1. For a quick check: with amide H placed at 1.01 Å from N, whose amide H comes under 5 Å from residue 358's, ignoring anything fewer than 5 positions away on the same chain?
2. With a ≥ b ≥ c taken as the square roots of the eigenvalues of the C-alpha gyration tensor of the stretch 400-463, please select rounded if a/c is under 1.5 and otherwise prolate if a/b is larger than b/c or oblate if it is not?
3. Considering amide H positions built from the backbone, and no H for Pro or chain starts, which residues 5 or more places from residue 515, or on another chain, come under 5 Å of its amide H?
4. Can you give the FRET efficiency for residue 407 and residue 222, using 1/(1 + (r/R0)^6), R0 = 56 Å, r = Cβ-Cβ distance, to the nearest 0.05?
5. Given a 1.4 angstrom probe, I'd like the percentage of the accessible area of the stretch 303-424 that is carbon and sulfur, rounded to a whole number.
6. Sort 385-395, 264-274 by the packing proxy (mean of other Cβ within 10 Å over each peptide's residues), most packed first.
7. Per-residue HN-Hα couplings for the stretch 128-140, Karplus 6.51 cos²θ - 1.76 cosθ + 1.60 at θ = phi - 60°, whole Hz, x for Gly and Pro?
8. Would you mind checking 60/286; 156/360; 156/413; 286/400; 107/286; 153/360 for any pair whose Cα atoms are more than 31 angstrom apart?
Amino acid sequence: MDPSSKSPDDDDLRPEAEAARRPQPQPQPREWRFAQVFGERAAGEDVQEVDIISAIEFDKSGDHLATGDRGGRVVLFERTDSRDSASRSELERQDYPIARHPEFRYKTEFQSHEPEFDYLKSLEIEEKINKIKWCQTANNALFLLSTNDKTIKYWKVQERKVKRISVMNLNTSQSSGNGTTSSSSSSSSRAILPNGGCSEKLYNFPNNDLLFPPGGCTSLRLPVVTGQDLNLVPRCRRVYSHAHDYHINSISNNSDGETYISADDLRINLWNLEISNQSFNIVDVKPANMEDLTEVITCAEFHPTHCNTLAYSSSKGSIRLIDLRQSALCDNHAKLFEEHEAPGSRSFFTEIIASVSDIKFARDGRHILSRDYMTLKFWDINMDSGPVATFQVHEYLRPKLCDLYENDSIFDKFECCLSGDGLRVATGSYSNLFRVFGCTPGSAEATTLEASRNPMRRQVANPTRPARTLTSLTRAVRRGGENPGVDANGNSYDLSTKLLHLAWHPTENSIACAAANSLYMYYA
């Protein structure tokens, strides 16, 4: 083509085309710092089984955090560093944004579930909290759902003012056992006279409970409120029970604010928050003959904005997207997301490690994050041919799958979470480690952090040979002589300390994670 014959618009279009072809700048990897810890364990302190945290959840605003434990308790934390509390003059003096991170304090706790016994099935029902989900707030009250294996409860937590009263007309110097004022036979009371004098005579009434001055009171003195105490009162508003034959593994609120779903191994039920004695079965994978059962439901979650859409995962590694508008019983999925294995790579452990333990929708509802035993997968709901990104969490464990199967570690269920901006994902691993990955196209961000006061101390370059330290040797002896093994960086790993539960703050780069009975919080 003759250069002189090119149109004058070509020069205008070329910079835009070059800009489109030019790779977009990647967000810089974050440097994570320790923020807070609640319930930190002292060196050598034994952890009680009931104190181990089993669920973590931020509310939508990020101002409250809830944890549940194996003892059936729910603990609430509230944020204390909100910018709303700063004065206008202080905000005006800030010429540049100051790096701040969310700070939380203990708010209250309550006993959500108690151990039960199913006499029909001769089955003990643990009080352990499996999941917690925040509901919409109303009238300055907090609402949340909590569930154990069989029963879901709807809680309301509200502040109530308790008044302290003083200055009464009655003599309250002494109290009797029943809480009323009384006089002692060995003491006398000066009765006030109208002219300001007093009488030494003791006025004994039949019930010996109250002392009045002779002639009555000269003036009426009303009770005075000297102060008000704010008490947080949790109240169980609804109990949703007897709807699941198998253990409940997940609950999820709908964006309509009125309904939620609960899922067990074979069924998903749809509930109305205000109706506790009735639910609708919307997914049922139970075969007519249980011998034909090939997969079970492992997790279910509503779409964050579309109230008619939900996703659920299975033990075969697939994720199904269903539309509630299609039929009352959603036997047929709208979309199926699964990654086909390479031919010849199948082994005894293939299906076990492919089982999805957790799924989360991104905040915009466009992507789904799933966690199986070895990897994190990032899916685009508009592309069901395969994940757009796969992150290796602890690939160094692959040669040891046989040992992990023998000690049941291969069945551990790790959770996952996404940042509010959708740029990063996180999940847990063993030795109280968790990993943060950048999920934008072309990102190589992969950070390993430890749930401790020094989260970056495990960032060690690969040594030429595994390091054997006195600490790791003594730890192996202290834990019964089991060899904890060595990860890809030469650090020893311990299968008995696993970080299963973590949550990402909805609007800021802050992560809360549970290491046994301790709640650690980090920011970047």
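The values are calculated or read from the model by the stated rules, or taken from the named source; none is laboratory data. Predicted, not measured: the structure shown is a model, and the values here were computed from it. Positions of Cβ are backbone-derived with ideal geometry, glycine not excepted, and every protein chain shown enters the neighbour counts. Ligands, DNA and RNA are excluded from the accessible area calculation, which covers all protein heavy atoms including side chains. Shrake-Rupley method; radii C 1.70, N 1.55, O 1.52, S 1.80 Å.
1. Hits under the 5 Å cutoff: 371.
2. prolate
3. Amide H to amide H, under 5 Å and 5 or more residues apart or across chains, residue 515 pairs with 520.
4. 0.20
5. Roughly 51 percent of what the probe reaches on the stretch 303-424 is carbon or sulfur.
6. Order by mean packing, descending: 264-274, 385-395.
7. Going residue by residue, I get 3, 7, 7, 8, 10, 9, 7, 10, 5, 7, 7, 6, 6 Hz, with x marking Gly and Pro.
8. 60/286; 286/400; 107/286
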